[in-house]
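The values are calculated or read from the model by the stated rules, or taken from the named source; none is laboratory data. No experiment lies behind these values; they were computed from the predicted model shown. So basically every Cβ, Gly included, is an ideal-geometry build from the backbone, and we count neighbours across all protein chains shown. Ligands, DNA and RNA are stripped out before the accessible areas are found, and what is left, the full protein with its side chains, is counted by its heavy atoms. Shrake-Rupley method; radii C 1.70, N 1.55, O 1.52, S 1.80 Å.
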Number of protein chains: 2
Amino acid sequence: MVRPRTPLLSRDRIVEVATAIVDADGLDALSTRRLARELGVQAPSLYNHFATKEQIVDAIGDSIVAGVDLSMLGRDPWPEALKAWARAYRSAFRAHPNVVPFLARGPARRPASLRLADAVYGALVTAGWPPGDATRIGATMRFFVAGSALGSFALGFVDDPDLYARDYPHLRDAHRLAGQHAHVDDSAFELGLEALVDGLERRFERL
Amino acid sequence: MVRPRTPLLSRDRIVEVATAIVDADGLDALSTRRLARELGVQAPSLYNHFATKEQIVDAIGDSIVAGVDLSMLGRDPWPEALKAWARAYRSAFRAHPNVVPFLARGPARRPASLRLADAVYGALVTAGWPPGDATRIGATMRFFVAGSALGSFALGFVDDPDLYARDYPHLRDAHRLAGQHAHVDDSAFELGLEALVDGLERRFERL
DNA sequence: GTCCGTTAACTAACGCCGTTAGTTTCTAGG
DNA sequence: CCTAGAAACTAACGGCGTTAGTTAACGGAC
């Protein structure tokens with residue numbers, strides 16, 4: 001086959017299959033050869049659509065961030081909007097946990113990230129925040145959401161009672177975390193989010 | 001050379017040179033062949049000291065986390081201790097920005113991370129927090145610190161006035177962020193940290 | 001002092017990887 | 001109809017992490 005009558009590949013199809021591979025088997029499992037194989041094609045053909053493999057991963061990231069609901073920003077009161085947006089942002093990450101290390105990595109120059117930054121900044125300024133604070137709050141929320149989506153805290157612990165008791169005096173019961181990591185991570189996120197927005201509201205009152 | 005009179009390698013020396021490579025040229029620049037070359041050795045010799053390359057990177061991570069000052073925990077009042085510890089944690093990350101994506105990645109089962117979790121959990125419980133809340137607060141702080149160390153928020157913007165004005169109505173002045181990313185990221189971290197701990201103090205009062 | 005198991009270096013090689021060069025054939029636009 | 005460019009191909013390069021198998025020095029036991 002030299003050139004098919006109808007194209008075998010498209011950017012969308014490549015991103016779709018690449019996302020499936022990463023979701024199923026992790027970032028490291030995404031190689032140009034495997035991606036091409038699952039697309040029914042040879043690896044170099046990908047380079048007719050993307051200049052590098054990194055651009056493919058970038059496109060995966062953009063498509064994930066593009067799915068974050070922004071409708072509450074500028075509509076609801078800012079504290080509620082901020083919390084709802086943070087939850088939507090985090091759950092978009094959580095739907096593709098293997099991509100998060102890449103997403104959180106570099107500065108996000110992808111279009112969807114800019115649209116998101118624009119929306120949250122605009123909502124805060126409209127609500128009465130000074131521009132400088134609005135920038136910092138957008139950044140802080142990104143820090144928190146990215147960090148919480150990144151690595152499970154509770155997964156760091158293994159279900160072995162003896163392991164911690166010996167060396168870490170306060171972690172006697174830490175082994176129990178292993179079995180409930182999803183719940184622990186979720187409730188830690190909720191606690192932090194409430195505290196953070198609560199602190200921001202107090203700061204806002206002082207303006 | 002088959003076996004030298006005094007060993008050429010040691011775990012410490014490998015970790016030291018590996019850290020220097022990652023700091024200088026990034027995680028991707030760390031290959032077993034380059035690491036070996038800079039150690040004056042052939043690549044497979046590394047496998048006498050570490051089972052996999054990942055274990056080498058793990059050891060880099062552990063040595064960084066081991067440097068975080070924990071002395072304020074259990075000594076100062078918990079809100080101040082928590083803030084000072086978060087700043088120390090973050091600046092340890094910031095000293096090795098290229099390692100952070102790896103550090104933040106998986107659950108941290110390395111000894112230094114466990115010691116750190118033990119110290120912060122112990123300090124909170126001693127201060128009067130219920131154990132469940134202490135766990136969540138430790139996790140939340142880790143989320144925030146890891147997220148803030150991970151990717152610069154401000155670096156996501158390029159110093160090009162026209163780029164944003166067209167597509168993102170509120171980001172008219174975003175291009176100015178590019179020149180001040182360090183300051184923006186630092187002050188966003190400070191603002192978030194103050195708000196977060198402030199919110200936690202209010203929650204503590206309500207107990 | 002000699003033996004011997006272990007250690008720490010080596011060389012050679014395997015099967016991956018991302019990517020480039022060069023070729024072929026089909027499509028789309030004038 | 002002709003032609004420029006797009007989209008597939010094959011072949012190959014240099015690098016990667018890792019394994020197998022070899023060799024010589026070390027350190028303890030007799």
Which value in deg cm²/dmol, rounded to the nearest 500, describes the helix-derived mean residue ellipticity at 222 nm for chain B, given -39,500 (n - 2.57) per DSSP H run of n ≥ 4 and division by the residue count?
-20000 deg cm²/dmol
Determine the distance separating the Cα centre of segment B:42-93 from the Cα centre of segment A:64-136; give it in Å without decimals.
30
Hey, what's the Cα Rg ratio for segment B:78-207 versus the globular rule of thumb, 2.2 N^0.38 Å?
1.25
Å² of accessible area per residue within the protein assembly as shown, as computed with a 1.4 Å probe and no ligands counted:
47
Round to a whole number: what % of the accessible area of segment A:17-172 belongs to carbon and sulfur, probe 1.4 Å?
51
Position B:His181, label points 7 Å along Cα→Cβ, spacing to each other copy in nm (shortest first, one decimal)
3.1
Please determine, in degrees from 0 to 90 and to the nearest 10, the orientation of helix A:131-150 with respect to the longest principal axis defined by the Cα atoms of chain A, where the helix direction is its Cα long axis.
70
On Cα atoms only, tilt of B:78-94 relative to the major axis of chain B in degrees
40
For the protein assembly as shown, alpha-carbon Rg and Dmax in angstrom
22.8, 74
For A:Asp167, place a label point 7 Å from Cα along the Cα-to-Cβ direction in every copy; what are the distances to the other copies, in nm, shortest first?
4.8
Tilt relative to chain B, helix B:181-205 - C-alpha long axis, 0 to 90 degrees, to 10:
60
Summing both sides, how much accessible area is buried between B and A? Use a 1.4 Å probe and give Å² to the nearest 100.
5000
Suppose the Debye formula is applied to equal point scatterers at every Cα of segment A:1-104; what is log10 I(q)/I(0) at q = 0.16 Å⁻¹?
-0.73
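With charges only on Cβ, +1 for K and R and -1 for D and E, what is the dipole size of the protein assembly as shown about its Cα centre, in debye, rounded to 20? Could you put the intermediate results ahead of the total?
Details: 50 positive and 52 negative charges, 237 e Å.
Dipole about the Cα centre, nearest 20: 1140 debye.
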In chain B, what residue has the beta-carbon at the shortest distance from the axis of the rotation relating B to A, and what is that distance in angstrom, rounded to the whole number?
B:Gly147, 1
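Efficiency by 1/(1 + (r/R0)^6): what FRET value for B:Ala127 and A:Thr6, r their Cβ-Cβ distance, R0 = 56 Å, to the nearest 0.05? Write down the numbers at each step before the final one.
Working: r = 67 Å, r/R0 = 1.20.
FRET efficiency, B:Ala127 to A:Thr6: 0.25.
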Label distances, nm, A:Ser31 versus same residue in remaining copies, Cβ-directed 7 Å point:
1.5
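Over the Cα atoms of segment B:11-63, what is the Rg over Rh ratio if Rh follows Kirkwood? All intermediate terms of the calculation are to be shown ahead of the outcome.
Details: Rg = 9.7 Å, Rh = 10.7 Å.
My calculation puts Rg/Rh at 0.90.
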